[in-house]
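Here's the structure, in structure tokens; my notes come after.
The values are calculated or read from the model by the stated rules, or taken from the named source; none is laboratory data. These figures come from a predicted structure and were not determined experimentally. Methodologically, a virtual Cβ is constructed for each residue, glycine included, from the backbone with ideal geometry; neighbour enumeration extends over all protein chains shown. Keep in mind that these areas ignore ligands, DNA and RNA; they rest on the heavy atoms of the full protein, side chains included. Shrake-Rupley method; radii C 1.70, N 1.55, O 1.52, S 1.80 Å.
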Amino acid sequence: PVWKQYLIYLKNLVTLEWGRSFVSAQPVTEILGYRFWNTVLLMAAGMCLTLVIGISFGIVMAWKRNSALDVGGTVVSLVFQAAPPFITGLLLLIVLSYRLGIFPTGGMYPPGQRPDGILDLLTMPEFWERIVLPTITVGAYYISTPMLIMRDSMLEVLGSDFIELARAKGLKPRVVMLKHAARNALLGVVTIAGIMVGFAVGGQVVVESLFSWPGMGQLMVESAASHDYPVAQGTFLMLAVLVISLNFFTDILYCYLDPRIKITAAGMN
């Protein structure tokens, strides 16, 4: 009966018995275990680039409000956001790979040199050459979000009473900006970071397909095209768990950034 099938499915879901691929006959968990970490590496590199550069430029743009740097940074970030990742990545490939030959055209490692594990992969110079272009593609598309939110949050915080008090104490402008204003302004970026990572995970499909990156996004396309339903189901489930987990850690990070927020048995106050 259908209800019994559903109970069996839930049991297999908890015990990681996700079946075998219709195409390769490999267990789905083995396929996902390899592809999952490839996606995490690419997503982590892209998000680190996005947040570090975006937050830093957001602070500087708020500090130099209405200057040429502020206006230029806003225009450039909006242009990158308007350009789809497929177009940005394609232009990077044409210029930096095909024309100048600075970076490889795709893949995660040279053909025939598959590493034994994550540590072996991270020690390969060829891996770091191949991750540059997809990282820039991901970072360029999402960089405007933390940059503009950080700028607006900084401008709002700079008008607060405690900032005026810090200035009245004679603190240096750099100390006021970084130690007092930036930390409070980070709450706005943290709020949107979990949502942004969720969109980034979904957007990996385009980036991984363009750069032939063997991750979850590329696996999703391949399994859907070949009607490999067990692999497709497992891929969607893993991506959902990843997004939910990141949102959970984002909520925990709130407590560190804002001492007014405390976690109690009744929830977050």
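Just to be sure I understand the filter: pairs with C-beta atoms under 6 Å, separated by 6 or more residues or on different chains, first member in the range 10-31 and within 16 Å of Asp228 (Cα to Cα) and in contact (Cβ under 8 Å) with a residue 12 or more places away in the chain, second member open to solvent by 60 Å² or more (accessible area, probe 1.4 Å) and outside any helix (DSSP H, G or I). Which pairs pass?
Every condition considered, the pairs that remain are Thr29/Leu16.
Restricting to the range 1-20, and then to whatever is hydrophobic (A, V, I, L, M, F, W, C) and not in a helix (DSSP H, G or I), can you tell me which residue is most open to solvent (accessible area, probe 1.4 Å)?
Ranking the candidates gives Leu16 first.
How many residues does the range 117-132 hold that are within 20 Å of Leu219 (Cα to Cα) and either open to solvent by 50 Å² or more (accessible area, probe 1.4 Å) or assigned to a helix (DSSP H, G or I) (or both)?
5
Does Val76 count as within 30 Å of Arg174 (Cα to Cα), outside any loop (DSSP other than H, G, I, E, B) and open to solvent by 60 Å² or more (accessible area, probe 1.4 Å)?
yes
Restricting attention to the range 154-191, and to residues there that are open to solvent by 50 Å² or more (accessible area, probe 1.4 Å) and among the hydrophobic types (A, V, I, L, M, F, W, C), which single residue is nearest to Gly107 (Cα to Cα)?
The residue in question is Leu178.
Every residue, every condition in (1) under 30 Å from Leu32 (Cβ atoms); (2) at pLDDT 80 or above, yes or no:
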position	(1), (2)
Ile149	no, yes
Asp161	no, no
Arg167	no, no
Leu171	no, no
Arg174	no, no
Ile195	yes, no
Gly198	yes, no
Ser209	yes, yes
Met216	yes, yes
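Looking at Tyr141 and the list (1) modelled with pLDDT of 80 or more; (2) of a type in the set (Phe, Trp, Tyr); (3) in a helix (DSSP H, G or I); (4) surrounded by fewer than 18 Cβ atoms within 10 Å (Cβ to Cβ), which single condition is not satisfied?
Every condition holds for Tyr141 apart from (4).
May I ask you to say which residue of Pro104, Pro111 is open to solvent by 20 Å² or more (accessible area, probe 1.4 Å), touching a helix residue (DSSP H, G or I) at 6+ places or on another chain (Cβ under 6 Å), part of a loop (DSSP other than H, G, I, E, B) and not small (Gly, Ala, Ser)?
Only one candidate qualifies: Pro104.
Would you pick out the residues in the range 21-52 that are in contact with a strand residue (DSSP E or B) (Cβ under 8 Å, 6 or more places away or on another chain) and either of a type in the set (Asp, Glu) or surrounded by fewer than 17 Cβ atoms within 10 Å (Cβ to Cβ) (or both)?
Gln26 - this is the single residue of the range 21-52 that is in contact with a strand residue (DSSP E or B) (Cβ under 8 Å, 6 or more places away or on another chain) and either of a type in the set (Asp, Glu) or surrounded by fewer than 17 Cβ atoms within 10 Å (Cβ to Cβ) (or both).
Just to be sure before I move on: is Ser223 within 27 Å of Gly54 (Cβ to Cβ), open to solvent by less than 50 Å² (accessible area, probe 1.4 Å) and more than 20 Å from the chain's Cα centre (by Cα) in the structure I sent?
Spelling it out, it is not the case that Ser223 is within 27 Å of Gly54 (Cβ to Cβ), open to solvent by less than 50 Å² (accessible area, probe 1.4 Å) and more than 20 Å from the chain's Cα centre (by Cα).
With respect to the numbered conditions (1) closer than 12 Å to Ile31 by Cα; (2) of a type in the set (A, V, I, L, M); (3) open to solvent by 10 Å² or more (accessible area, probe 1.4 Å); (4) touching a residue at least 60 places away in the same chain (Cβ under 8 Å), which one is the sole condition not fulfilled by Ala232?
Evaluating Ala232 over (1) closer than 12 Å to Ile31 by Cα; (2) of a type in the set (A, V, I, L, M); (3) open to solvent by 10 Å² or more (accessible area, probe 1.4 Å); (4) touching a residue at least 60 places away in the same chain (Cβ under 8 Å) leaves (4) as the failure.
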